[in-house]
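Visitor: Below: one structure in structure tokens.
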Amino acid sequence: MANSNLTNAKNAKNDEFYTQYHDIQKEIEAYLEFNPSVFKGKTILMPCDDPEWSNFTKFFAQNFERFGLKKLISTSYAPDSKIHKSAYQPTLFETTNPQFDEKKTVKNGKIFTLTSDKSGDGKIDVDDLEWQYLQGDGNFNSKEIIKLRDEADMIITNPPFSLFREFVAWIIEANKQFLIIGNMNAITYKEVFPLIKENEMWLGATGNGNDMVFAVPKGSEINENDRQKAARLGYVGDFTRLGNSCWFTNIDHGRRHKPLELMTKEEIVKYGTKKEFEKYDNYDAIEVSFVKFIPSDYEGVMGVPISFLDKYSPEQFEIVGMCENEDLYNFKTKVYTTDECKQAYLDKFGKKGTYDLNASGVVLRDGLLEKVYQRILIKHKK
Ligand SMILES: C[S@@+](CC[C@H](N)C(=O)[O-])C[C@H]1O[C@@H](n2cnc3c(N)ncnc32)[C@H](O)[C@@H]1O
């Protein structure tokens, strides 16, 4: 298998990770706490969600009345179209329904809608979901689902991990409110970072960068370490975990309006780092390796870890850029030549190679050029 196919297959395996009810509940409560009518009168689309599996659909269907929703639409992707195939068995709920179709169950997606009390039990909940086969396979990028997207006010889901960039672009082009799960590393994607910088997207309120547990199709191969970690969190069996998942959203919540409590530069040097802040060799900024050591009184640009975004308040800080190769934000004060990159490698590792100095912030330590981890460039708000 070619390398890119191998990577796709690996990513596609993560496409079949299913979010836990508790994680959804915790996150959603944070938005309600900030704005109790956040979902009132809204049409919500969950475009990667078969209610048989999706706790997003179950959670929102169960809370339809409490949230004052107008309509819930949940669509699923055809089993035959999935890159990562697992044994598929239609549910009894589907096979006993008069509209069951042996071909369509594997070739077509399904649409589930909830608007009113159909069962006549006096409440609107998961029992009132109505379903039918879609014309196509339920690909979120198909005309059929795009029409549903355009009808919706909000898109809420955990999308396929391997299509995260495409999925974000798909939401943004329609200018919708959204809440989705992704990987912390996505922050640095060219398609994502500009949205974060301009405060058009931010991290959700809970669980960012902590272990998040996901269900996987029955009998899936699970990394033993991940299985054990999931078990320690109380999920035994077909569960795995990811350590760097997070929520991405443009719906407001209280956490992002709480400023970080910080020490002054002098206090940090005295009580924390015990050494002066380093200046980058290639940026007019200081290196701050821990969020807790962001000085409260530094007026210039600071390079901070991406985990900063979990603590970011737009009233306290401005995001001005990121240390990256292309210098998209015009902050580089130096671009290293190929020869300098080769020399830096030789100096540091004692053998031939190339140290990709232009990809990140660089500091001079003991006379050697040293790359630091991925950094976001921020400033205090005046
Ligand atoms: C990470 S799982 C999450 C499922 C569910 N949203 C949840 O959180 O439990 C992503 C789902 O999207 C489906 N999927 C993959 N590619 C898709 C596409 N192009 N359009 C729609 N759904 C897709 C996968 O088969 C999988 O069921």
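The values are calculated or read from the model by the stated rules, or taken from the named source; none is laboratory data. Nothing here was measured: the structure is a model prediction, and the numbers come from that model. Cβ: placed from backbone, ideal geometry, glycine included. Neighbour counts: every protein chain shown.
Visitor: Tally up the residues in region 278-292 that are touching a residue at least 60 places away in the same chain (Cβ under 8 Å) and part of a loop (DSSP other than H, G, I, E, B), please.
Guide: Final tally of qualifying residues: 4.
Visitor: Continuing with the same structure: Please name all residue pairs, on different chains or six or more residues apart, with Cβ atoms under 8 Å, provided the first residue is in region 145-167 and is more than 13 Å from the ligand (Cβ to nearest atom) and the second residue is of a type in the set (D, E, K, R) and not in a helix (DSSP H, G or I).
Guide: 152/176; 153/42; 153/176; 154/42; 154/176
Visitor: Return the residues of region 69-99 that are among the hydrophobic types (A, V, I, L, M, F, W, C), more than 16 Å from the ligand (Cβ to nearest atom) and modelled with pLDDT under 95; say none if nothing qualifies.
Guide: Correct list: 92, 93.
Visitor: While we're here: If I filter region 89-112 down to residues being among the aliphatic types (A, V, I, L, M) and under 30 Å from the mean Cα position of the chain (by Cα), which single residue comes out as surrounded by the most Cβ atoms within 10 Å (Cβ to Cβ)?
Guide: 111
Visitor: Can you name the number of the only condition in (1) surrounded by fewer than 20 Cβ atoms within 10 Å (Cβ to Cβ); (2) outside any helix (DSSP H, G or I) that residue 228 fails?
Guide: The single condition residue 228 does not satisfy is (2).
Visitor: A further question on this structure: Has region 317-329 got at least one residue that is within 19 Å of residue 192 (Cα to Cα) and part of a helix (DSSP H, G or I)?
Guide: no
Visitor: What is the residue count in region 42-68 for residues that are in contact (Cβ under 8 Å) with a residue 60 or more places away in the chain, more than 13 Å from residue 126 (Cβ to Cβ) and away from the ligand (no atom under 16 Å from the Cβ)?
Guide: So the answer is 2.
Visitor: Taking the conditions exactly as written (within 19 Å of residue 307 (Cβ to Cβ), touching a Pro at 6+ places or on another chain (Cβ under 8 Å) and crowded, with 16+ Cβ neighbours inside 10 Å), does residue 181 satisfy them or not?
Guide: Yes, satisfied.
Visitor: Select from region 108-144 the residues that are of a type in the set (Gly, Ala, Ser) and within 14 Å of the ligand (Cβ to nearest atom) and list them in ascending order.
Guide: 109, 136, 138, 142 - these are the residues of region 108-144 that are of a type in the set (Gly, Ala, Ser) and within 14 Å of the ligand (Cβ to nearest atom).
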